[in-house]
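*Asks:* Quick one: the structure is below, and I'll ask about it shortly.
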Amino acid sequence: FAILGRHLFWPLGPGRPGRGTQVGKEARLVARHPGAVAAVVGTVLVGLAVGSISYTPTYNTLSELPASTPSQQAYNTLLTGFPPGALAPTQVYVTGAAPLSQASLGGVTATLSSTPGVAGVAPPQLSADARTALISVVLADNPYSNAALDLVGGPLPARAQAAAGGNRVLVGGQTATLANVRQALHASMKVVFPVAFGIIALILGALLEAVLAPVNLLVCVGLTVAATLGATSLVFLEGAGRSGIDFTLPIVIYLFVVAIGTDYNILLSSRLREEYLGGFLPRDAARAAITNDAPTVAAAGIILAGTFASLTLAGIANLTELGFAVSVGILLAAFGVAPLLVSALSALEGHRFWWPGHARRVAAPSPAPPQANGAHGRAAADGGNGQVGAEELPRDPAPPRGE
């Protein structure tokens, strides 16, 4: 750009935001009615977020495949003559200091057989030294279902251990692995989410030199994440009638929506801060920021959302859910949260939005005189070639010391 200058934008030139554009109308709406805009956008986000209450994860990757795949057809054939758990039996291991026998293991097998949710138990297989026994357990439910995970993750090993006396009981197999993954995810998200939000808050505070602005941005991002998960749950659980949504989706939504949504918020809030410190009144700073930066955010959002939306054509349930969820989250951030909600909140809160950095606000130069074509604007820093930047907005005089 330093080499080519305005020729970089050949043949139409860089263009300039104006009052007649759709973005200009949006900017004036936010500047004139920030409370109404914030209320509408906030209501939409909260309404979608309520849908996240119905979110139900699924670990059944087999059910996410189309019915025409050989593995799904094989499973359907298995169901005609065997319990669903025959697809992946659960292994119960009993170890002891003394040699084990079929008689000593009778209590464990009987307890496992009488456990609700168990369809069958195979006779124990003893190791060469008879100190370890393997008992294969066939579940009555799909081994990847939440019911099977609940059983293997709690009641089944507890009942087996109680019946094993002084021997040790361990439970393995695919169902047990997924139950452990689910438990680890629940524990990790309680740590990862707060830590990540704390790190982002520190970065935003350093960038914006403010305390309340980062809080506003994080609340907006949190609402966007919840609204995205809620919209996905409403579409696929309530609308499409699926029994669950892929268990990896919440963490993927969190990663993409928080990262990209925060980027868009930074772009708008940085421009808001620049205009405010340059002398614009809070509402006029919002108007200028939307006029100049909202088209950039919208273009970036459309490209990224369109890229992820292509995953909905994959024909695999988890990819369809992923493509839909990330696309919705990005569009919410690019068209609703960053240009409307963040800007409206900054206009409503005024100088408090930038506390304590608002004390550094400086006086603005006198407005430029009207151009020959009737447009008002600040001269672009292009060497005086007569180009006009964004429409000129009223700046207020220098604030009193300590404002």
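*Asks:* Over the chain, what percent of the accessible surface lies on carbon and sulfur atoms, probe 1.4 Å? Show your work: numbers first, answer last.
*Replies:* Values: 12790 of 19520 Å².
Its accessible area is 66 percent carbon and sulfur atoms.
*Asks:* From the phi of every residue in region 162-173, what ³J(HN,Hα) in whole Hz does the Karplus formula 6.51 cos²θ - 1.76 cosθ + 1.60 yield, where θ is phi - 60° and glycine or proline is x?
*Replies:* The phi angles translate into 5, 8, 8, x, x, 7, 9, 10, 10, 10, x, x Hz.
*Asks:* I would also like to ask the following. Run the helix sum for the chain: -39,500 (n - 2.57) per DSSP H stretch of 4+ residues, divided by residue count, reported at 222 nm to the nearest 500 deg cm²/dmol. Let's see the in-between values first.
*Replies:* Working: 12 runs with 198 residues, N = 403.
For the chain, the value works out to -16500 deg cm²/dmol.
*Asks:* While we're on this one: Quick one: which residues, 5 or more positions from residue 21 or on another chain, have an amide H under 5 Å from its amide H? H modelled 1.01 Å from N in the peptide plane, none for Pro or chain starts.
*Replies:* Those qualifying (amide H under 5 Å, at least 5 residues apart or on another chain) number zero.
*Asks:* Angle check, please: helix 34-50 long axis (alpha carbons) against the longest principal axis of the chain (alpha carbons), in degrees 0 to 90, nearest 10.
*Replies:* 10
*Asks:* Let me make sure I get this right: for region 67-205, a, b and c are the square roots of the gyration tensor eigenvalues over alpha carbons, sorted descending. Under 1.5 in a/c it's rounded, otherwise prolate if a/b > b/c, else oblate. Which is it? Walk me through the numbers before you get to the answer.
*Replies:* Working: a/c = 2.90, a/b = 1.47, b/c = 1.97.
Oblate shape, in that a/c is at least 1.5 and b/c is the bigger or equal ratio.
*Asks:* Between residue 79 and residue 91, with labels modelled 7 Å along Cα→Cβ, what's the label distance in nm to one decimal, could you check?
*Replies:* According to this spin-label approximation, the distance is 2.7 nm.
*Asks:* Among 308, 280, 82, whose mean-square fluctuation peaks in a Gaussian network model of the chain (Cα, cutoff 10 Å)?
*Replies:* Largest GNM mean-square fluctuation: 82.
*Asks:* Stretched out fully, how many nm does the piece from residue 36 to residue 248 gain, at 0.36 nm a residue minus the Cα gap?
*Replies:* Contour length minus the Cα-Cα distance gives 72.7 nm.
*Asks:* May I ask you to order 66-73, 320-327 by the average number of other C-beta atoms within 10 Å around their residues, highest value first? Numbers along the way, then the final one.
*Replies:* On the way: 66-73: 10.5, 320-327: 22.6.
Ranked from most to least packed, the peptides come out as 320-327, 66-73.
*Asks:* Label-point separation (nm) for residue 188 and residue 2, each offset 7 Å from Cα along Cα-to-Cβ?
*Replies:* 4.3
*Asks:* If R0 is 22 Å, what FRET efficiency do you get for residue 130 and residue 110 from their C-beta distance, rounded to 0.05? Intermediate values should be presented prior to the final figure.
*Replies:* Values: r = 20 Å, r/R0 = 0.91.
Efficiency at R0 = 22 Å is approximately 0.65.
*Asks:* For region 116-131 and region 142-189, what is the centre-to-centre distance using only Cα atoms, to the nearest Å?
*Replies:* 16
*Asks:* Mind running the shape call on the chain? Use the C-alpha gyration tensor, a ≥ b ≥ c as the square roots of the eigenvalues: rounded below 1.5 for a/c, prolate if a/b tops b/c, oblate otherwise.
*Replies:* Values: a/c = 3.74, a/b = 2.70, b/c = 1.38.
Prolate, because a/c is 1.5 or more and a/b exceeds b/c.
*Asks:* I'd like the orientation of helix 70-79 relative to the chain: the angle between its Cα long axis and the longest Cα principal axis, in ° from 0 to 90, rounded to 10.
*Replies:* 40
*Asks:* Determine ³J(HN,Hα), in whole Hz, for all residues of region 220-237 in sequence, where each value follows from phi through the Karplus function 6.51 cos²θ - 1.76 cosθ + 1.60 and θ = phi - 60°; x replaces Gly and Pro.
*Replies:* Karplus-based 3J(HN,Hα) across region 220-237 equals 5, 5, x, 4, 5, 4, 5, 5, 5, 5, x, 4, 5, 5, 5, 6, 8, 8 Hz.
*Asks:* How many Å² of accessible area per residue for the chain, probe 1.4 Å?
*Replies:* Details: 19520 Å² over 403 residues.
That works out to 48 Å² per residue.
*Asks:* How high is the FRET efficiency from residue 206 to residue 300, r the C-beta distance, R0 35 Å, rounded to 0.05? If you can, show how the numbers build up before the last one.
*Replies:* Values: r = 23 Å, r/R0 = 0.67.
About 0.90, to the nearest 0.05.
The values are calculated or read from the model by the stated rules, or taken from the named source; none is laboratory data. Keep in mind the model is a prediction, meaning the values are calculated, not measured. For neighbour counting, all protein chains shown are included, and Cβ atoms are generated from backbone atoms with ideal geometry for every residue, glycine included. Side chains are part of the model used for accessible areas, which takes the heavy atoms of the whole protein and leaves out ligands, DNA and RNA. Shrake-Rupley method; radii C 1.70, N 1.55, O 1.52, S 1.80 Å.
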